[in-house]
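Peer 1: Below you will find the structure I want to go over with you.
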Amino acid sequence: SYLAQHLRIHLGVKPYHCSYCEKSFRQLSHLQQHTRIHTGDRPYKCPHPGCEKAFTQLSNLQSHQRQHNKDKPYKCPNCYRAYTDSASLQIHLSAHAIKHAKAYCCSMCGRAYTSVSW
């Protein structure tokens, strides 16, 4: 049941054990997903003509398919850029943060600025 599954989080119970290594999991689906690392099973095949890629997780296939479709749903709120996955957007956003960081401080009052020059 969902409640029993949820209680395992609080109890720390991991009843599903990997037969290849020492890892254990709270949910059978997590064990099945992990086992693919050892077996090399990639059940999620890209349906795009000419593409031979296959993935261990459905979410990875979905992200890959956006590249074929040129679908870029992850938009930067600071500029025109858009990305196919959230990880790429996060990397881009960190560049904005670094660019606009106030790294230069006035030794008299402590006020911070983005550059030394006027």
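Just so you know, all these numbers are worked out from the coordinates, no wet-lab data involved. Quick caveat, the model's predicted, so the values are computed rather than measured. As a convention, Cβ positions derive from the backbone with ideal geometry for all residues, glycine included, and neighbour counts pool all protein chains shown.
Peer 1: In the chain, if the dipole is taken from +1 on Lys/Arg beta carbons and -1 on Asp/Glu beta carbons about the Cα centre, which of S94, S59, S107 is farthest to the positive end?
Peer 2: The listed residue farthest towards the positive side: S107.
Peer 1: Could you work out how far helix 86-99 tilts from the main Cα principal axis of the chain, as a 0 to 90 degree angle to the nearest 10?
Peer 2: 20
Peer 1: Within the stretch 1-77, which chymotrypsin sites (Phe, Trp or Tyr not before Pro) sit in a loop by DSSP and count at most 11 neighbouring Cβ atoms inside 10 Å?
Peer 2: Passing both the DSSP loop test and the Cβ count: Y20.
Peer 1: Further, regarding this structure: Rounded to the nearest 10 degrees, what's the angle between the helix 2-11 long axis and the longest principal axis of the chain, both from Cα atoms, 0 to 90?
Peer 2: Between the helix axis and the principal axis of the chain, the angle is about 60 degrees.
Peer 1: Number of Lys-Lys pairs in the chain under 26 Å by Cα, sequence gap 8 or more or different chains?
Peer 2: Number of lysine pairs found: 10.
Peer 1: Give me the dipole magnitude in Debye, nearest 20, for the chain about the Cα centre, with unit charges on the beta carbon: positive for Lys and Arg, negative for Asp and Glu.
Peer 2: Working: 16 positive and 5 negative charges, 53 e Å.
In debye, rounded to 20, the chain gives about 260.
Peer 1: Once you list every other residue whose beta carbon is under 15 Å from the beta carbon of Y74, what net charge do they have if Lys and Arg are +1 and Asp and Glu are -1? Write out the running numbers ahead of the final one.
Peer 2: Details: positive: R66, K70, K72, K75, R81; negative: D71, D85.
After counting each charged neighbour, the total is +3.
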